[in-house]
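Here the structure is laid out as C-alpha cells; the discussion comes afterwards.
What follows is calculated from the coordinates using simple rules that are stated; it is not laboratory data. Values in this document were obtained by computation on a predicted structure and should not be read as measured data. A quick note on method: Cβ atoms are made from the backbone with ideal geometry, for glycine too, and the neighbour counts reach across all protein chains shown.
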Amino acid sequence: MVTRTLAELAAELGGEVIGDGSTVIRGVAGIREALPGDITFLANSRYDAYLEETRASAVICSREPRQAILPLLQVDNPYLAFQRVVKVFRPEQYRPAVGVSPSAIVDGEAELGPGVSIGPNCVVERGARIGARTVVMAGSYVGVNVLIGEDGYLFPRVTIREECVIGARSIIHSGAVIGSDGFGFAFDTGRYHKVPQVGNVVIGDDVEIGANTTIDRATTDSTRIGDGTKIDNLVQIGHNVVIGRHCIIVAQVGISGSTELEDFVTLGGQAGLVGHIRLGTGSIVGAQSGVTKSVPASTTVIGFPAMPHGLFRRVHAYIQRLPQLFQRTKQLEERVASMESRTEREEVR
Amino acid sequence: MVTRTLAELAAELGGEVIGDGSTVIRGVAGIREALPGDITFLANSRYDAYLEETRASAVICSREPRQAILPLLQVDNPYLAFQRVVKVFRPEQYRPAVGVSPSAIVDGEAELGPGVSIGPNCVVERGARIGARTVVMAGSYVGVNVLIGEDGYLFPRVTIREECVIGARSIIHSGAVIGSDGFGFAFDTGRYHKVPQVGNVVIGDDVEIGANTTIDRATTDSTRIGDGTKIDNLVQIGHNVVIGRHCIIVAQVGISGSTELEDFVTLGGQAGLVGHIRLGTGSIVGAQSGVTKSVPASTTVIGFPAMPHGLFRRVHAYIQRLPQLFQRTKQLEERVASMESRTEREEVR
Amino acid sequence: MVTRTLAELAAELGGEVIGDGSTVIRGVAGIREALPGDITFLANSRYDAYLEETRASAVICSREPRQAILPLLQVDNPYLAFQRVVKVFRPEQYRPAVGVSPSAIVDGEAELGPGVSIGPNCVVERGARIGARTVVMAGSYVGVNVLIGEDGYLFPRVTIREECVIGARSIIHSGAVIGSDGFGFAFDTGRYHKVPQVGNVVIGDDVEIGANTTIDRATTDSTRIGDGTKIDNLVQIGHNVVIGRHCIIVAQVGISGSTELEDFVTLGGQAGLVGHIRLGTGSIVGAQSGVTKSVPASTTVIGFPAMPHGLFRRVHAYIQRLPQLFQRTKQLEERVASMESRTEREEVR
C-alpha cells in the first residue's frame, strides 16, 4: 500500500503544510466519504463547514487563510492538486486490451471507433455505433442502432436496449439496464393491455449509472438524463422522466413516469417520487422520503409525505413526545372536571 | 416522427370528433401516463373521472354522450380503435431473426417450438422447452427443465433458473431473475444453516416482469404469479408468495415470503409487505407503505404501518398541526393553573 | 412429490413422536417460513415461543420435555435429524458437470482448483483463482485477480469485479454484482468529479448473497462481509461498509458508505442506514426503518427516523388517536373558556 507523509505530498505538489507535516496519508476520498488516513480536498470556502465533520486526516485547500482544525495542504489550485494526489495513491486500474475479443459477436453493420475495446461474449447489434476509445466489458449487450460516445466505459454485463443514446465519457456499471420498456398499460375488458413503449433513453456526457440500475425507455419521445448527473446502484427511473444536469441520485431511489428534475437536484437513498411532478434547481430530497408534489428550487424536503425540512424536524420532535401530550391532556381534563364540579357545588350552595 | 390531426385519425378509424379536429396528435399512451400531444383512450365510463386529470390532447371513447373537457374521438369500440392508433404511431419494433444464433449454447435435450428465436450467447439447458414463436434475446439463460409458453419474449440477459414455468405471451425484461433461492435459514449452534429451496416459480399467461426484478423459488411447492399480472422493475417477490390475476405491482415493491395477493390488487412503488398475510381482491396499497397485516377486499391502505386511506389522510393532516397542538395544550395548562390559583386564593379568603 | 407420515420419519431417524403419528409431511422449512404440511425444527428451547406461531405441521426437537402444541418428533440431535429430513424431501438438485465448458473464456493465467465447474459463456480473467469444487454457472464474470474459495457456488450471470475476494462455501445468486465502484464524487467548478474507487470487496466464508444485490468496492481498503452472513435479493451495500459475522440482511436494504455492523445484526426488508454509523452486536432494525444514528448492542429500533421499538409502538398507537386528541383539546378549550367567562362575570358582579 502506498503511503506518504503530508510533508512529502506538499513537496511533490508545490504546496505548504499548515499543521503536522508528519501526518501519514494512505488514500484519498471525497470530504464526506473520507476516513482517517485519507486526504481530501476543499475547492471552495463555501464548504468550509465540512471541515468540522470530515474524518479525513488532512485537506487540500486553497491558499486563503482559514482556521486549521485539521492539517491543511495549501496549494494554488486545489482540484488540480487533488487529481495529482489521486494518481499517487491509485494502483494502475485494470483496463481491457484494445480490440474486439474473438468471442464477441459484433454485427457487420455496427461501427466501432478507433481504440475501442469489446470484451469477451459481448453482443453489439446492427447499426450500433461506439465512439473512440470506449470500453465495453465482457457479456455486455449493445442493441440495434444504439449510439455510445467517446471514452465511455461499460462494465461487465450491461444492457443497452435498441435506439438508446449514451453521451461521451459516461460510465455504466454492471447489470444496469438502459431502455427497458416503460410500465404502461391500458385497462379494458377486465384486463391490462400493454401500451407499446416506442421511445428511447438519451443520456448526456459525463454521466455515471450504478450497478443494476434500470432506466425505462419513453412511451414516445425520450427519457432523458442530463450531463454530469451521477446515479447510484439499484435506482429505478420511469418512462419519460427528465433529469437535468449535475444531479446526484443515491441508491434505490425510484422516480415515477414523466417527473422532471431540474439541475443540481439531490435525491437521498430510497427516496420515491410520484409521477408528473417537477423538482426545482438545487432542491434536495431526504433519504426514504416520499415526494408527492412539486418542490420549489433550493428547497429541502423530507418525510412521507415529504414536507419542508424544518417542519419535519419540529413535527418529529413532537411525535416522540406524543405519549406525554396525551398524559398532559388527561390531567387537564381531570383538573377542569374538578373545577367544574366545584363551581357546580358552589352554585348549588 | 409520425403526426396526425384528430380529424385525420377520425377518418382512418371511422369515428367522430367532438371538439377541435385540428388538434395535432404525435403519440399514444395510457390515460394516466399521457402527455400533451398524446391521444389516449377511455373504455369505460367508470373511468370518466380520469378525463379531468389526464394530460392527453385527445381521448378515444365510446359514442355515449359525455361532457367534452378535451377533444374526443368517439368510436364504436374504443379499445379496438386504440390498438389501431398504436400501430399508426409505433415505428416497427426490432425483432430478432427466427432461429438459433450460432453462438447460442442449446443443449441437445432441449426442445424449441417452431418460429423460436434464440439470440447470441444464450444458454438453454437440458430438458428446457420453449414454445412456438418465443424470442429469447442475447445472453439469456434458460435452466434445466424450464418450460416457456408460446409467443413469449425474453429481453437480453434474463435468467430463468431450473424447473421454473413461464406461461404464454409473457414478457420478461433484461436482468430479471426467476427462480433464485428463497431466503430461508435455520439458526443452530451459533450460526445460520441454509434450508434448501427445492420448489419452483410458476408464472401464468400474459404476465410482464420488469428489468432486474427477482422472484424467488419456493422452499417446497411453487411461488405463483397469476395470469395478466404486470410487475415493474426491481421488485422482490419472496419464496412461496402467491399472486393472483391482473395485479399491478409497481417498481421496487418487496413482498415477503408466503404472502398472498388475490386478483386485481395494486401495490404502489416501494411498498413492502410482511410475510404470511393476504390482500383481498381489488385492494390497493399506497406507494412506500408498509403492510403488516391482511387487507380486506376493495380496501385502500397507506402509510407505515399501513392504515386505511381515510385515517391516514386525517392523521397526517393532524401531524402537521402537532406544533400548534403542543402550543394550545401549554396555553390551556396556564389558563387552568391561573384559575386554580385564583380558586385557591378565594378559598383561603 | 415425496410424502411421509410423521411415524415413518420417526422410524427413519430413530426418534419418537409426541402427538399424531399419522400427520402427513410433504416438505421441510425454517420455523418461521414453514407452511402446513411442512416439518420444521427447533434446536434450542430458547425458541420455544415460535412453537405457538409456526404453521408447520410438526417439529423436530430435542428429547427434553415440552408442551406439545403440535406434533413433535423428538430426537437426540435435532439439527442432524433436520439435515437428514431435508435429504428425504429434496429432489436431487441440478449441479453442472465438472470441467470448463467449451464456450467459457478462461484466461491462461487463471488458476482453477480440482473439481471446479465453469459453465457456458463464463469469462474468467487473468490472475483469477477459483478454489476446489467451486461451481461458476453460465454467463458469470470473474474479474482480474479475483480469489474464490473452495466449494463456492455462483449462479448464472454473477459479476465479480477485479481484485475481490470470496471465501469458502459462499453462494452468490444470479445478477449479483460484487465490487462495483463506490459512489464517491468531489464537487468542484460547478460539477462532480469521480473519486477513483481503488479498494475491493472481501467476503468471508459461508456467506450467501441474493439475486441482483450490489456490493460496492471500497474507495481505498476493503468493503467487508463477515463469515456466515446471509444477504437477500436487491440489497445495496455501499463502499467501505463493514459487516460482521452471522448477520441477516433482508431484501432491498440499503447500507450507506462506511457504516459498520457488528455480529448477529438483523436488518428488516427495505431498511436504510445512513453512512458512518455503527450497529451493535445483536441489534435489530425493523423493516422499512431509516436508521440515522448508531444503535447499541441488543437493541431493536424501528420507524423513520428509527426509534426504540417500545417507543415506536406507543407513539404509533397515539398517532392513530390524534384526531380524538385534537377533539379533546378543542372541548377543553371550550370548557376552560366557559369557566373563565363565568369567573369574569362573578368578578364583575
Step through the residues of segment A:174-183 one at a time and calculate ³J(HN,Hα) from phi using the Karplus curve (6.51 cos²θ - 1.76 cosθ + 1.60, θ = phi - 60°), rounding each to whole Hz and writing x for Gly and Pro. 3, x, 5, 10, 10, x, 4, 5, x, 9
Please say if segment B:128-180 is rounded, prolate or oblate, where rounded means a/c under 1.5 for a ≥ b ≥ c the square roots of the C-alpha gyration tensor eigenvalues, and otherwise the choice is prolate for a/b larger than b/c and oblate otherwise? oblate
For peptide C:251-260, the mean count of other chain Cβ atoms within 10 Å per residue Cβ is 6
Counting only other chains, and only Cβ atoms inside 10 Å, what mean value do you get across the residues of A:314-321? 6
Given the rule -39500 (n - 2.57) for each run of at least 4 DSSP H residues, summed and divided by the residues of chain C, what is its mean residue ellipticity at 222 nm, to the nearest 500 deg cm²/dmol? -5500 deg cm²/dmol
What does the average come to when, for each residue of peptide C:29-39, you count the partner chain Cβ atoms lying within 10 Å of its Cβ? 6
Please list 3J(HN,Hα) in residue order for segment B:303-313, calculated via the Karplus relation 6.51 cos²θ - 1.76 cosθ + 1.60 where θ = phi - 60°; whole Hz, with x for glycine and proline. x, 10, x, 4, 9, x, 4, x, 4, 4, 5
Run the dipole for the protein assembly as shown about the Cα centre, Lys and Arg Cβ at +1, Asp and Glu Cβ at -1, nothing else charged, and hand back the magnitude in debye, nearest 20. 1840
Other-copy label distances relative to B:Glu334, 7 angstrom Cα-Cβ extension, nm: 2.4, 2.4
At 7 Å out from Cα toward Cβ: A:Ala132 inter-copy label distances (nm, ascending): 5.3, 5.3
In terms of the alpha carbon gyration tensor, root eigenvalues a ≥ b ≥ c, rounded if a/c is under 1.5 and otherwise prolate when a/b exceeds b/c or oblate, segment A:33-83 is oblate
Residues whose placed amide H lies under 5 Å from that of C:Ile277, excluding near-sequence neighbours: C:Thr259, C:Glu260
Using alpha-carbon coordinates alone, the radius of gyration and Dmax of the protein assembly as shown in Å work out to 31.0, 108
Checking the table A:Lys330/B:Lys330; A:Lys194/B:Lys87; B:Lys330/C:Lys293; B:Lys194/C:Lys87; A:Lys194/A:Lys230 against a 21 Å threshold on Cα-Cα, which pairs fail? B:Lys330/C:Lys293; A:Lys194/A:Lys230
According to the square roots a ≥ b ≥ c of the eigenvalues of the Cα gyration tensor, what is the shape class of chain C, taking rounded for a/c under 1.5, prolate for a/b larger than b/c otherwise, and oblate for the remainder? oblate
Amide H neighbours of A:Val136 at under 5 Å, excluding residues fewer than 5 places away on the same chain, with H built from the backbone geometry, are A:Ser117, A:Ile118, A:Gly119, A:Leu154
Rank-order B:234-243, A:309-318 by packing density, defined as the average count of other C-beta atoms within 10 Å over each peptide's residues, highest first. B:234-243, A:309-318
What list of ³J(HN,Hα) values in whole Hz, one per residue of segment C:327-336 in order, does the Karplus curve 6.51 cos²θ - 1.76 cosθ + 1.60 (θ = phi - 60°) give from phi, with Gly and Pro shown as x? 5, 5, 5, 5, 5, 4, 4, 5, 5, 5
Quick check: Cα centre of segment B:306-344 to Cα centre of segment A:154-218, how many Å? 49
Going by amide H atoms built from the backbone, whose H comes under 5 Å of the H on A:Ile243, apart from near neighbours? A:Arg224, A:Ile225, A:Gly226, A:Leu261
How would you rank C:211-219, C:30-38, highest first, on the average number of other Cβ atoms within 10 Å across their residues? C:211-219, C:30-38
How many nanometers, to one decimal and shortest first, lie between the label point of A:Asp48 and those of its other copies, if labels sit 7 Å from Cα toward Cβ? 6.6, 6.6
